[in-house]
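Chemist: Take this structure, written in structure tokens, and hold onto it; I'll ask about it next.
Where a number appears in this text, it was derived from the coordinates with a stated rule and is not lab data. The model shown is predicted, which means the values in this text are computed figures rather than measured ones. FYI the Cβ positions are ideal-geometry reconstructions off the backbone, even for glycines, and counts take in every protein chain you see.
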Amino acid sequence: MNVLAIAFLLSLVGGQLLGWTIRPGVVVYAHDILLVLLLVWAYATQIMDGTRVRLLHSLYAFFFVGLASLVLHISLFGGTLTFLSSLYLLRWFIYVEVYVLVASKKQKFPWTEWLYASSVLFAAVGLVQYLLYPDLRNLTYLGWDPHYYRLFSTLLDPNFAGIILVLGFFLGFGFIKRRPLLIVSELLLFAAFLLTYSRSSYLAFIAGIVTYACITKQRQLALGLLLLFFGAIAVLPIRDIDILRVNRLDSAVARLGNWERGMDLFGESPLIGWGFNTLRFVQTQRHWVDDTQIVSRAGGGLDNSFIFLLATTGVVGLASYLWILNSIILSARRNAVLLVSLAAIIVHAFFVNSLFYPWVMIWLWILAGAAERVQASGDT
């Protein structure tokens with residue numbers, strides 16, 4: 001298991017570079033393949049048998065809501081498009097299995113240590129990218145946004161790269177007392193995070209620090225980190241380019257338009273949404289997305305995870321997913337790293353679809369599983 005688990009976690013560093021497009025909107029990543037192999041091995045060796053997880057009911061509730069939202073719209077989209085949409089739900093379910101695996105007391109693999117190592121490697125690759133390949137405009141024909149002079153690492157998106165770096169930085173909090181030398185890797189993560197120039201990630205960082213101060217009472221450390229953050233922001237190289245300015249407006253206006261479309265879809269089908277996840281086909285039918293010229297990387301999502309839930313699964317789906325998040329909070333009341341990370345993800349999810357981004361989902365489920373295993377060990 002150890003070899004497969006290490007390969008799975010390190011494959012996350014490959015990001016979008018290790019993804020294969022089967023058809024527009026359907027991408028298989030290296031970590032997907034390795035995770036399936038890992039889960040097959042885990043079931044074959046019965047390592048997950050008997051594992052009781054606290055989120056079970058809320059997870060099943062959302063899964064069946066997502067499935068129902070698809071079935072109820074099969075007449076609108078037909079069998080083929082409904083099947084393709086269901087792959088999104090299937091991937092979500094497979095990622096949830098990571099949570100069950102990590103929570104199992106039958107295995108002793110150091111998940112969080114290797115996850116942290118992957119984030120440090122991701123940051124190092126990002127810094128090399130920032131120095132040697134800072135301009136993504138030559139890949140717009142493949143559907144990527146034209147980011148330049150920003151760190152986007154292997155995810156090819158500074159916003160998602162930013163939240164992964166934030167999560168890595170917070171995960172380091174759990175190790176740094178035992179291993180003071182990790183201050184070097186924490187500084188590496190912090191520097192890489194700053195160079196994303198991602199406002200959503202900056203807000204996620206602030207939310208995480210404030211949460212950390214509230215639950216640990218270490219207000220002096222939190223204040224010091226915030227002062228360091230704002231001081232670093234003040235001296236970041238701007239290069240007199242609007243895209244690097246924190247107060248830039250173009251992307252904010254575009255995001256508001258994106259939210260408006262999502263709310264329009266919700267208004268037309270408020271109870272159960274349009275199906276999880278049929279958004280690419282809904283937006284194509286309405287000519288909001290044109291995949292005939294350039295395949296849109298955002299055609300299957302919205303720039304807000306909660307509006308995304310409303311549009312795809314309605315109020316029923318949003319309520320069931322909020323149940324999941326609330327269950328995580330209740331089960332993690334003694335785990336500062338998980339609570340801080342969850343706070344960062346939730347804030348970030350108001351500006352991009354973080355809650356359903358593959359790398360963020362994997363991070364969240366590993367942290368949730370690790371926290372549950374520790375808590376279960378303490379209860380026995």
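Chemist: Counting only C-alpha contacts under 8 Å and six or more residues apart, can you give the relative contact order of the chain as a whole percent?
Modeler: 24 percent
Chemist: Got the relative contact order for segment 147-219 handy, in percent, Cα pairs under 8 Å and 6 or more residues apart?
Modeler: Computed value for segment 147-219: 36 percent relative contact order.
Chemist: Checking understanding here: applying a Kyte-Doolittle mean of at least -1.0 and a length along the axis of at least 27 Å (C-alpha), which whole DSSP H helices in the chain pass?
Modeler: What comes out of the filter, once short or polar helices are dropped, is 74-103, 111-132, 250-268, 305-331, 358-379.
Chemist: Here are labelled values, (i) 23.1; (ii) 18.7; (iii) 17.5, and one is the computed mean projected area of the Cα convex hull in nm² for what I pasted. Which one?
Modeler: So the calculated entry is the one marked (ii).
Chemist: Where the centre of each part is set by its Cα atoms, how far does segment 91-145 sit from segment 319-380, in angstrom?
Modeler: Value for the Cα centre distance between the two parts: 17 Å.
Chemist: Which peptide among 54-62, 164-172 comes first, and what is the full order, when sorted by highest mean count of other Cβ atoms within 10 Å?
Modeler: Answer by packing, highest mean first, reads 164-172, 54-62.
Chemist: Sort out for me the Cα centre separation of segment 170-221 from segment 1-26, rounded to whole Å.
Modeler: When both Cα centres are located, 26 Å separates them.
Chemist: A further question follows. For the pair Val71 and Ile215, how long in nm is the line joining their label points, each one 7 Å along Cα→Cβ?
Modeler: My value for the distance between the label points is 3.6 nm.
Chemist: Would you mind checking which residues have amide H under 5 Å from Val27's amide H? H placed 1.01 Å from N; only 5 or more apart, or other chain.
Modeler: For Val27, whose amide H was placed from the backbone, the distant partners under 5 Å are Ile22.
Chemist: Report the label-to-label distance for Leu322 and Met263 in nanometres (one decimal), using points 7 Å from each Cα along the Cα→Cβ vector.
Modeler: Each label point is offset 7 Å from its Cα along the Cβ direction, giving 1.6 nm.
Chemist: A further question follows. Would you mind calculating the relative contact order of segment 1-120 from Cα pairs under 8 angstrom and at least 6 residues apart, reporting the percent as a whole number?
Modeler: Relative contact order here is 34 percent.
Chemist: Using a ≥ b ≥ c from the Cα gyration tensor of segment 62-180 (square roots of the eigenvalues), is it rounded, prolate or oblate, where a/c under 1.5 gives rounded and otherwise the larger of a/b and b/c decides, a/b for prolate?
Modeler: oblate
Chemist: Which three numbers, in whole Å and largest first, are the semi-axes of the equivalent ellipsoid of segment 113-259 derived from its Cα gyration tensor as √(5λ)?
Modeler: 27, 18, 14
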